[in-house]
Every structure is written in structure tokens, then in C-alpha cells.
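The values are calculated or read from the model by the stated rules, or taken from the named source; none is laboratory data. The shown structure was predicted, so the numbers you read here are calculated from the model rather than taken from an experiment. As a convention, Cβ positions derive from the backbone with ideal geometry for all residues, glycine included, and neighbour counts pool all protein chains shown. Accessible surface is based on the protein model in full, side chains and every heavy atom, while ligands, DNA and RNA are left aside. Shrake-Rupley method; radii C 1.70, N 1.55, O 1.52, S 1.80 Å.
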Amino acid sequence: MAFVQFSKVSLAFGDRDILKDVSVNLQAGTKAALTGANGAGKSTLIKIMAGLQQPDSGQRIAQKDARVVYLPQSGLVHAGCTLIQEADKAFEWGYDLQKKIDQLGEQQKVEEQSELLQKLEESGWYRRDALAESVLIGLGFDRSDFNKRTEEFSGGWQMRIALAKCLMCGPDILLLDEPTNYLDIEARNWLEKFLADFNGGFLLVSHDRYFLDHTINEVYELFNGELKRYPGNFSHYEQVRQVELQTLISQYEQQQQEIQKLEDFINRFGYKATKAAQAQERQKMLDKLLENKIEIPESLKKIHFSFPAAPHSGQLVLTLEGIKKSYDGQFNVIDGLDFVLEKNERLVVAGRNGAGKSTLLKIISGVDSTFTGNIKLGSGVSIGYFSQDSAEKICGSESILQRLENEAPLELVPKIRDMLGAFLFRGDDVYKSINVLSGGEKSRIALLELLLKPVNLLVLDEPTNHLDMHSKDVLLEALKGFGGTVIFVSHDRGFIEDLSTKVLELHPGKFRVFPGDYKYYMQRLEDEENGIIPSLDQAAVNKKSARVQEAPVVVSETKRSWEEQKKLEAERRKLEKEVARLENEIAETENKKNELQERMGLPEVYSNGEECKKIQNQINELDVKLDALNQQWEEAAVQLM
């Protein structure tokens, strides 16, 4: 079994310990995540695991011939050949093995040659063309891209090429640093399935909670240089860690009180000769406390903020009529889009890359006017728009803190430091000049500036890019409490599921509207795939127009009135509450029954015939009640499906 083992690995930068006696074992079957606050040293640890960086001390032991493959966050560029030729480089190990086999044949070493031939066969070498096609298509490339020169691909697609090569090269251990950064939802779903079927071991860093929950079964947290293992998925780790944090916070607050008392005494009496000895003693105590100062992980601190009050608007927020958008005057990426958006809805625009999602958001926000059709804003509607291009407009010599304080409404000024901290600007970072910020940092500033403006229609294109998991949670809670309407595009499935109340699905030249949340949408797609209901393509067969409304199964939903949609949503919420109520009542009844059964086992009860009979009657009554409750629960659950 292939493995890579690390024992008591330590590394320091100056006087800061990045890693302190870290030990971990990665082997076939390992499905692990590495987490920790920004700057904790996650990328450094992965580089050491990959053998690319040497620690100050400790051992790295890898099984002979174990293939350990590392994917960095960014920075990889490919050029000089076509995509399919670059993909074929992932199989260099096979070409090398084939050369050895040929050499052994010339030397007539039949037995050794036979062993290597078997190894080559078992590796899937002879199926490499099919594997390359499967991986590239899974990661979002089109077959028409295969003969395109690699230098023609953008930075995000360059990293997809690198990821594809990592997956194809027959790794024993995969070390993936933010592999989902440049992937859309479809590619993330494909990677999720690939890792589920992967026979080797992997350790990955990701800020996508949904992706982690569906790929890993253990979490390693790097905090203050120490590595601790938590079994279970990522959500379970967060629950366990939150309980630990409560104890840590209590200890932290107690320590802070002690530090304050000691500092007060030293400041008051340090200069008095009669108290000098006592002040010195307390200084020693203070120094000892500061040496062992308790720190709380930034990733687990809970920060909340709310938007400025959204200006009042009418119930009808946005109406699109016959929107068409073409490129080069030929292909209509958006063709005849009709859509109505109501107040307080959270609409996610879904679809593969190239379907027109970002284009539509630009049209709605007024950035793109090269389209045909009509856009009508409702009464009092004011739009706030965010995209990755927003970072380009961020410039100036003032500090981050100055810029945000100057733009924030008066009531939010006291919260600016917390908001900056939530968006990864901590400590002295807030005093950085705007002009020295990276593109990702400017993008976070642009998003924060938008959140400070009093608007009632937010149009957000990939707002979670460049945010860690904690920042996403802060943004999500703020958007849930936002008093206006939201249209957004995101590749973070967990974020989408928690926020969306309606889905607009785009295909090139086609569209569909789903009046439920994203989970309902995904279930609908699964039902179509399984043939339970007609799919988009089946419904459009023999139709002259590509307009999705012609699909009969969709007409009934996309043409429903707003009142009918709200009625359905209200009925569903009512059923959900009823199911939850029944589940709670069932649990309470079962607890009562268990308590009575425990009492039946007490000597003073089972030796008393009258008492025993009384309790048994109560148990029988609870059994009858449980049967009735379970029947009601089944009926409600079936209606909810």
C-alpha cells in the first residue's frame, strides 16, 4: 500500500513557528481535508508533503515508487502544444515504463519484462486516450478545445489543465491546494465523483464546504503550528470545534481578566518603592501569561453585520421581455428571454460556462447595452452590481480603513473593522494603501463597498471568489437578512443552496425558470435524467423555436402566476413545519417510553405487581400514540417529496 509519512516535522520563519512537531500519515484510502486560518501554513505544509520544501527538522518517508502529485493554488502555465498533447504528458511514466520493457526485451530478460508488462496493463496505460477525454470533458473542456493551443487558454483554464494532468497521471497520493478555485459547479460535481471513486489517498485544501462534506471523511486543522485530526466530514468537524471553542473562549476571557489586573497593578504601583517587589513579581506572572497566551482561531470567530436598510420598492422589481444577445451578429447566447422578478426573491442564475450567466447580469445591471428586447425596473428599484471586473475600479493612495470609513453610512462606521476582519483584512492589513493591493484583495474591497450602499436590488457575479469559508458565512448571513432582492451567480453549491429561492437556468439560446430553491432544481434535473419527467431536450424535439417555454412540462411552472407560486411555497413550508413537529413529538414520545421501560427494570417497580401493571399500560398507550404519529409523519413526508 502506497504511503507518505511525516514524523515530528517542524518549520519556523524567524521567531514564528509555522509547524511544531507535525505528524501525519497519508496512504491509499485517505480522504482528508487540511484547514486552518489564512496564513496558518497550509500551503507550506502541503509543499513539504510534496517534497518541494524542506522542514527545519523531522522526517518525510515515502514508499518506494509511490507517486505523490501536487497541485498548487495558481501560477501554472502551459504553452507550446495542443491541449490533447499537453494532456498526454501526464502519461510520461507509462512511456518511461514502455522503454524499460523494450530494453528488457532486447536483453532477453523475459521474467522482468513480463512483470512490467503486467504493471503497465493494470495501470490503465492502454486506455489513456479514453481517460484523457473523460477527464478533460469532466473538467469542462469541449472536444473542439482538444486541438487548441494551450497558450490560448486563460489563467483559470490553465489551472484546469494542470488539475486534469494531476488526475490522469496515475497518482498514489494527491495533494490538492484549492482545486475548486477555477471550477464551475458542473466541474466540481464531476471532481467530487472522481475523488469518491479514487483508489489512492488525497489531502486537499478547499473553501467549499459542500464539496468537502461530499469528498472527505477526516479533517486536519493547522492552528498555532500544531496539527490535530478530527474524524468525520467538514460540517461535523465544525460542530466539534465549536464546542471546543466555547471552552477556549471561557479560558481566553479569564486569562484576559488576569492580564488586565496584572497590568493595572504594575501601572499603578510599579514606580513606588514600597510596592516595587510586588510589581516585579506581578511582571513575572504577566510575562508567563503572555508566553502562554490563548488565541482563538480567526476561522471560528463569529462576526455578523447587516446591510443598510434597503430603500422601499414596489412588489414588481424587474421585468425582462424578449431579451436577445448575440456575439459577432451570429449566435444568440440569450434568445427571447422573458422573466419577472418579485420583491425579496433570491434568484440564482445557473448554467454551464458560456451559457450567458455573466452576460445576463451585465445586461440587467446596465453595464451591457448591446442587446435587443426590453428591461423594466419596478418602482423605486436601485441596483448595486458586483463582478470580478469591479476590482479594476479600485484605486487610490488612502488606506483600506480610510476608504471604507469615508464611504460607509454613519451607523456602520463602528462596525467597519469587524467587517474588514470578516473579509480577511486583519490587524495592520487595514492600513495598507489601496494601490498596493492584489487583484483578489481589491475584489473583496469592491464587494464590501457594495454592501455598504443602500440599494434594494443586488446583482452579484461570483461574490464568493477570493473569500474563505468564514467570510462566505458572514456574507451569506448578511444576504439572508437583506431587505431587498438578490440576483446572483456562484459556483459554490453550499452558498447557492442556502441562499436561493428561485432558479433561472440558461442554456445557449434557451432558458427555464424553476420556482423552488436549488435543491428542488437539482432534484428536478435528476428526475429528468432518470426519465421520470421529460428533459429539456426531449421536450424541445420537433419544435421550430428553441424557446424553452414550449416544453409542455415547463409551461405549467414558468407560466404560473406569482400568487400560485407563493401558494405552493407556503404549502411546502407548512408541510415542512408539520414534518418537523411530528418528528419532535415522536422523539419526545419515544423518550417517555424509554424512561418508563427503564423504570420497569427497577426492583421497587417489578416487585410491585400493581405499579408494574400501571407502567405497562402507560407504555401500551405510548405505543398506540407512536403508531399514529408515525402514520401521520409518513403521510406528510410523502406529500413533501
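What the table below lists for this structure:
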| quantity | calculated |
| --- | --- |
| Largest-first ordering by accessible area, 1.4 Å probe, given options Glu238, Glu226 | Glu226, Glu238 |
| Using distinct alpha-carbon pairs, which all enter the 1/r mean, Kirkwood radius of the range 461-520 in Å | 12.5 Å |
| Modelled FRET efficiency - R0 56 Å, Asp17 with Leu410, Cβ distances, 0.05 increments | 0.85 |
| Heavy atoms of His466: accessible area, 1.4 Å probe, square angstrom to 10 | 90 Å² |
| Potential extension, Glu295-Gln73 segment - 0.36 nm per residue separation minus Cα distance | 77.2 nm |
| Filter on Lys415/Lys519; Lys8/Lys47; Lys42/Lys415; Lys31/Lys519; Lys415/Lys502; Lys480/Lys577 - keep pairs with C-alpha separation over 24 Å | Lys415/Lys519; Lys42/Lys415; Lys31/Lys519; Lys415/Lys502 |
| Gained length - Lys109 relative to Ile137, 0.36 nm times residue gap less alpha-carbon distance | 6.0 nm |
| Stokes-Einstein D (µm²/s) once Rh is taken as the Kirkwood radius of the range 63-198 over alpha-carbon pairs, at 10 °C in 1.306 mPa s | 99 µm²/s |
| Of Ile18, Ile46, Gly140, farthest towards positive along the dipole that unit charges on Lys, Arg, Asp, Glu beta carbons give the chain | Ile18 |
| Carbon/sulfur fraction of accessible area - the chain, other protein chains in place, 1.4 Å, % | 48 percent |
| Rounded accessible area per residue of the range 321-374, 1.4 Å, Å² | 44 Å² |
| Nonlocal amide H pairs with Ala2, under 5 Å, H built at 1.01 Å | Ala28 |
| Reach of Lys284 by Cα under 24 Å, taken over lysines that are not fewer than 8 positions away in the same chain | Lys261, Lys272, Lys275, Lys293 |
| Residues of the range 161-275: accessible area per residue with a 1.4 Å probe, Å² | 45 Å² |
| Under 19 Å from the Cα of Lys393 - lysines, other chains or at least 8 residues apart | Lys362, Lys432, Lys442, Lys453 |
| Förster radius 41 Å - calculated FRET efficiency between Asp65 and Asn353 (Cβ-Cβ, nearest 0.05) | 0.60 |
| For Ile496, solvent-accessible area (1.4 Å; no DNA, RNA or ligand), Å² | 0 Å² |
| Proximal lysines to Lys109, defined as alpha-carbon separation beneath 22 angstrom and excluding residues fewer than eight positions away on the same chain | Lys99, Lys100, Lys119 |
| Two-site FRET efficiency, Ser250 against Asn147, from Cβ-Cβ distance with R₀ of 56 Å, rounded to 0.05 | 0.35 |
| Label point distance in nm, Asn620-Thr82, each placed 7 Å from Cα along Cα→Cβ | 8.1 nm |
| The range 45-119 - Rg and Dmax from Cα coordinates, angstrom | 17.5, 47 |
| For the chain, diffusion coefficient by Stokes-Einstein and Kirkwood Rh (Cα), 4 °C, 1.567 mPa s, µm²/s | 44 µm²/s |
| By accessible area with a 1.4 Å probe, ligands and nucleic acids excluded, highest first: order of Val436, Val4 | Val436, Val4 |
| Charge dipole (debye, nearest 20) of the chain; +1 at Cβ of Lys and Arg, -1 at Cβ of Asp and Glu | 1360 debye |
| Residue-level accessible surface for Ile394, protein heavy atoms, 1.4 Å, Å² | 10 Å² |
| Calculated [θ] (222 nm, deg cm²/dmol) that DSSP helices of n ≥ 4 give over the chain, each run adding -39,500 (n - 2.57) | -14500 deg cm²/dmol |
| For the range 61-153: accessible area per residue (Å², 1.4 Å) | 62 Å² |
